[in-house]
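Asker: Structure incoming, see below.
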Amino acid sequence: MNSKGHFKHAELVPPYIQNLKPYQAGKPATELAREKGLTKISKIASNENPLGPSPYAIKAMTQGLWDLHQYPDMHAYQLKTMLSDLYKLKRENIILGNGSEGIMANIFRTFVRPGDEILTSEKTFIGFFVLARGSGSKLITTPLTEDFRFDVKKIAAQIHQNTKIIYIANPNNPTGTYITKEEFDYLMKFVPSHALVILDEAYFEFAQGQEDYPDSMDYRYDNVITLRTFSKAYGLAGIRVGYGFAHEGLIENLTKIKLPFEPNLIAQLGACAALKDSPHLKKTLKNNEKRYHEAFRFLKKNNLKPIKSVANFITIQTGSEQASNWIFEMLLNRGVIVRPLIANEMPDFLRISLGSKDEMNHFYESMNEILPEYEKIKNQIKS
Ligand SMILES: Cc1ncc(COP(=O)(O)O)c(C=O)c1O
């Protein structure tokens with residue numbers, strides 16, 4: 001583009017945006033296959049559903065293509081009605097968005113003002129950090145507990161007069177750990193009415209079977225918003241639909257800010273059909289449970305220090321950034337893509353999403369190939 005003189009971005013772009021590190025997406029599978037001359041790629045890096053979407057969702061979305069000349073229903077009547085029936089809530093308590101991350105972005109736009117404090121833990125969902133840093137507010141983080149869980153005591157101790165948002169990912173990504181009912185009750189005793197708690201339950205479906213997991217539907221707080229998504233257990237990450245539950249006063253204000261036609265027409269249709277297909281959800285959870293136990297056993301047996309997880313991924317502690325990079329590269333050479341956690345400030349860890357049986361076998365075979373070499377060199381690369 002022609003321009004007179006220099007682009008004075010320092011004047012145009014606020015410093016907190018200039019300082020933001022752009023998100024580094026992993027290498028696309030097709031690019032990796034081309035580069036390394038591989039025919040088989042197993043991407044177990046983004047906590048997606050290895051069984052794919054429900055076939056009913058595919059059918060509904062395909063049929064919906066004929067209506068693409070029309071705007072979607074801006075009130076998403078059908079999807080909200082289905083969610084309100086499922087969770088016994090009023091439609092006024094439901095917000096929808098472009099993924100749960102889209103709703104998080106709208107929460108920042110609706111509630112956060114300069115000078116506000118945003119409180120969460122270290123080593124949590126990277127998308128939240130990007131939103132917090134990009135809002136120009138003050139981000140305060142507390143360390144995880146020794147067993148890699150949100151430390152509610154430390155979080156409670158950091159609640160101040162200016163605290164506007166407290167973010168809890170439950171289960172947490174990338175550790176897969178969760179806070180218990182007792183811990184949630186403890187934290188809520190310290191939360192003042194001027195602070196909004198975001199309870200991010202993106203992996204809720206995988207965790208709900210845990211007896212002491214605090215299902216947010218069992219609570220009614222005026223300043224808690226629960227976020228859930230169709231991206232994980234429902235296998236619809238590509239169409240971007242998330243939903244949130246909160247007091248109607250919060251939802252009403254969020255609705256003023258959100259883009260009127262999100263989620264889009266295809267996304268609304270896909271989500272409705274997915275909700276009806278409970279056998280697909282059951283199959284997904286069953287596959288996840290089986291893969292989890294197999295993977296945990298394998299990782300433990302090979303001394304790879306897996307963190308106990310209630311989600312659809314397991315994070316391992318390699319001991320050093322070099323060790324993580326070495327395993328990551330060696331797996332990549334064999335067509336297996338896992339997730340390094342440098343961006344989460346966990347360079348000495350790696351996250352492995354639980355894939356299909358076939359993808360996990362590819363991972364085990366590749367690990368078995370590299371483990372003898374790893375055993376020999378690990379002390380060198382750890383130092
Ligand atoms: C904890 C957590 N929250 C939110 C999201 C974003 O989900 P969505 O696809 O609904 O935006 C993710 C995605 O990885 C996540 O791990």
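Asker: State all residues of segment 226-259 that are within 15 Å of Ser84 (Cα to Cα) and either more than 10 Å from the ligand (Cβ to nearest atom) or over 19 Å from the mean Cα position of the chain (by Cα) (or both); if no residue qualifies, say none.
Answerer: Hits for segment 226-259 are Thr226, Gly244, Phe245, Ala246, His247, Glu248, Ile251.
Asker: Given the criterion closer than 30 Å to Arg351 by Cα and away from the ligand (no atom under 16 Å from the Cβ), identify the matching residue among Glu35, Glu48, Glu101.
Answerer: Exactly one of Glu35, Glu48, Glu101 is closer than 30 Å to Arg351 by Cα and away from the ligand (no atom under 16 Å from the Cβ), namely Glu35.
Asker: Quick one: would you say Phe296 is among the hydrophobic types (A, V, I, L, M, F, W, C) and without any contact (Cβ under 8 Å) to a residue 60 or more places away in the chain?
Answerer: Yes.
Asker: Mind checking whether some residue in segment 59-78 is modelled with pLDDT of 95 or more, closer than 26 Å to Pro143 by Cβ and either buried (at least 22 other Cβ atoms within 10 Å of the Cβ) or in contact with an Asp or Glu (Cβ under 7 Å, 6 or more places away or on another chain) (or both)?
Answerer: No, because not a single residue in segment 59-78 is modelled with pLDDT of 95 or more, closer than 26 Å to Pro143 by Cβ and either buried (at least 22 other Cβ atoms within 10 Å of the Cβ) or in contact with an Asp or Glu (Cβ under 7 Å, 6 or more places away or on another chain) (or both).
Asker: Applying the selection to segment 47-61, what residues are touching a strand residue (DSSP E or B) at 6+ places or on another chain (Cβ under 8 Å) and on the phi > 0 side of the Ramachandran plot?
Answerer: Scanning segment 47-61 gives a single hit, Asn47.
Asker: Inside segment 43-69, can you point out the residues that are polar (S, T, N, Q) and within 10 Å of Ile266 (Cα to Cα)?
Answerer: Thr62, Gln63
Asker: Against the condition open to solvent by 20 Å² or more (accessible area, probe 1.4 Å) and closer than 17 Å to Asn173 by Cβ, how does Glu345 come out, does it pass?
Answerer: yes
Asker: May I ask you to verify whether Gly102 is part of a helix (DSSP H, G or I) and out of contact with any Phe, Trp or Tyr (no Cβ under 7 Å at 6 or more places or on another chain)?
Answerer: Taking the combined requirement at face value, the residue satisfies it.
Asker: May I ask you to list the residues in segment 28-50 that are under 20 Å from the mean Cα position of the chain (by Cα) and surrounded by fewer than 15 Cβ atoms within 10 Å (Cβ to Cβ)?
Answerer: Pro28, the sole residue that qualifies.
The values are calculated or read from the model by the stated rules, or taken from the named source; none is laboratory data. Since we're looking at a predicted model, the values are computed, not measured. All Cβ positions, glycine included, derive from the backbone under ideal geometry; neighbour counts span all protein chains shown. For the accessible areas, the whole protein counts, side chains as well, though only heavy atoms, and no ligand, DNA or RNA atoms are used. Shrake-Rupley method; radii C 1.70, N 1.55, O 1.52, S 1.80 Å.
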